[in-house]
């Protein structure tokens with residue numbers, strides 16, 4: 001969508017508080033969408049992730065930020081919601097082997113289903129999700145073929161689809177290595193100090209620096225000759 | 001699945017408290033599945049629906065009955081969760097014209113997504129939903145092509161799908177007229193006095209007898225030469 005005098009179209013953007021979703025949202029904004037952010041309180045072990053989502057929504061100037069309370073703990077079995085140890089100090093080959101314990105069953109499907117409900121109520125035809133098939137190749141619901149199947153289902157599920165308005169699921173990061181995601185975000189002015197990606201922060205919310213998610217972002221910032229701004233921000237707290 | 005000495009397979013069954021889902025569950029049980037019922041508290045205007053789901057789960061001898069609290073009111077815009085008038089006294093031609101105001105955006109998609117998470121945690125390959133494309137032709141997410149698209153997506157979304165275990169969404173009622181649904185349920189011993197389908201019960205929970213859902217079931221029982229057992233049960237209260 002070009003920057004013209006046309007009215008900006010609304011897009012529902014899934015915002016987690018992490019680096020990827022913040023970048024995906026910034027890209028959608030740059031493409032001319034008005035952002036309607038949707039975040040979930042799903043019993044994350046760490047509230048710091050929710051605070052990060054709030055700060056990023058404000059930073060990006062979203063039109064509206066809605067929260068859905070959902071109870072994934074009903075089904076459990078993930079290091080992100082249960083008391084399962086988060087793997088540490090793995091190299092990138094290990095990270096991309098098999099399905100990680102941090103996988104939450106059907107999480108993206110549930111998130112996208114809520115986004116679909118929100119889009120339908122808004123009359124929006126666009127949903128933005130920061131999934132990435134490079135760094136998270138072990139998560140089945142981060143792959144392009146999954147997203148395409150969701151989009152197809154969404155167009156059969158809804159009034160909008162039945163009435164001929166086509167719903168599009170945008171995945172601007174899906175094929176980008178982390179370093180390219182960050183480079184794009186920096187060009188768009190994303191303040192990565194506000195983002196929080198750690199699977200296992202300490203009591204105060206400080207990133208561990210050793211889980212897969214911390215290591216991936218730290219390495220990517222290093223490749224750009226930078227220190228991760230979130231680590232710098234936390235060291236100043 | 002035949003009635004043999006083979007161990008019974010688990011199936012996740014979406015149970016609403018209504019006539020259709022009770023029948024779908026009874027059919028799955030008769031096919032040899034162990035039932036793991038999943039119900040939602042999504043801000044229904046009437047708690048009587050939740051009580052009915054509990055009574056039916058007990059009646060059908062489910063192995064487990066889980067409840068998920070979800071907040072569809074976040075997105076609103078449906079007569080089932082908002083203060084929109086429920087249409088009354090419509091004939092069947094009117095009922096099947098267009099998308100009814102009782103449609104909840106993306107509801108079945110959200111429900112099936114939770115069922116998918118539950119199935120994945122259980123290691124179940126089967127999900128049962130009592131959707132019906134005959135009586136609810138106005139709901140896009142009650143059609144066979146929608147269910148097929150969901151199933152395809154589900155098989156790409158999950159660990160199970162990636163590992164080659166195929167997920168099946170069973171819709172035993174999808175092409176059945178209401179009268180045939182009831183006939184099948186009666187053969188299987190379903191106690192329809194326990195079910196509750198009304199969109200607009202009074203304060204006590206008594207069915208209105210005039211909304212689309214009440215009229216469809218009343219007419220169907222009449223065709224079988226019966227009075228709706230739920231109406232009889234309420235008249236005795």
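What follows draws every value from the coordinates through simple rules; no lab data is involved. As the structure is a prediction and not an experimental result, all values here were calculated from the model. For neighbour counting, all protein chains shown are included, and Cβ atoms are generated from backbone atoms with ideal geometry for every residue, glycine included.
Here are some notes:
- Computed from the alpha carbon positions, the gyration tensor of the range B:142-237 leads to an equivalent ellipsoid with semi-axes of 35, 15, 13 Å, biggest first.
- Cα-based convex hull, the range A:15-59, per residue volume (Å³, whole number): 61
- When B:178, B:159 are arranged by Cβ crowding within 10 Å, least crowded first, meaning fewest neighbours, the order is B:159, B:178.
- For residue B:41, label point 7 Å along C-beta direction: distances to other copies, nm: 1.6
- Inter-copy label distances for residue B:193: 7.0 nm (label point placed 7 Å from Cα along Cα→Cβ; shortest first).
- Residues A:122, B:112, sorted so that the one with the fewest Cβ neighbours within 10 Å comes first: A:122, B:112
- Spacing of the two label points (7 Å from each Cα toward its C-beta) at residue A:237 and residue A:89, in nm: 2.4
- Euclidean distance between Cα centres, the range A:137-178 to the range A:36-70, Å: 21
- Residues B:13, A:48, B:134, sorted so that the one with the fewest Cβ neighbours within 10 Å comes first: B:134, A:48, B:13
- Across peptide A:120-128, the average count of Cβ atoms from other chains found within 10 Å of a residue's Cβ is 2.
- Distances from residue A:61 to itself in the other copies, using label points 7 Å out along the Cα-Cβ axis, amount to 6.4 nm in increasing order.
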